[in-house]
Amino acid sequence: MTIREVCERYDITPDTLRYYERVGVIPEVTRTAGGIRNYTEEDIKWVENAICMRSAGVPIEMIIEYVHLFQMGDDTLEDRCNLLKRAKAEVEAARKKYDDELKRLSYKIAKYEEAIQTGVLNWDDEEMKEECLKGGVSMEQ
C-alpha cells in the first residue's frame, strides 16, 4: 500500500506518517527496491496502533518507548504492560478533567437557560455547586 493510500484510508497527512516513522512512533516502513514506502499489513498495524494511541491522548514519547520495547522482544512484556498502564492512567486523568469541565458547562448552560426563562441570572444553586465542586470545578462566571 502506498503512502497516499494509507493517508486516504486513515485520514492523515503524508507528513504525519513520515514524522511517525522518523521519530519511531512506527517502525521503519518496508520499501520497494526503488526506495518508495510500501506499507505491508504489519506496517499498517503499527499505523493503526499509532493513530489509536494518539487519538486516546497518549504522548508521542510514550508511544516511541512502547515501540522500542516491543522491538526488544518478549523480555519486555512486563515493561510494555506497565507502560500501557501508565498511558491508561494519563488518559483517565485527562478524561476526568474533561468530565469536570463538561459538568461546569452543563451547569452554566442550565443557569443561562433558567435566566432566559426568568430574566434573572442566579448562581446560588447550592446543590449543583456542591456536585460540581466535588470535581474541583468553580461554577461561577
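So here's what we get for this one:
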quantity: Subset of the stretch 17-33 [in a helix (DSSP H, G or I) and buried (at least 17 other Cβ atoms within 10 Å of the Cβ)]; calculated: L17, Y20, E21
quantity: Filter result for N38 (in the same structural domain as D15 (by TED's automatic domain parsing), free of Cβ contacts under 8 Å to residues at least 40 places away in the same chain and touching a strand residue (DSSP E or B) at 6+ places or on another chain (Cβ under 8 Å)); calculated: yes
quantity: Test: residue in the stretch 67-75 that is touching a residue at least 24 places away in the same chain (Cβ under 8 Å), under 30 Å from E5 (Cα atoms) and surrounded by 12 or more Cβ atoms within 10 Å (Cβ to Cβ); calculated: yes
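The values are calculated or read from the model by the stated rules, or taken from the named source; none is laboratory data. Everything numeric in this text was worked out from a predicted model, so none of it was measured. Counting neighbours? That spans all protein chains shown, and the Cβs are built from the backbone with ideal geometry, glycine included.
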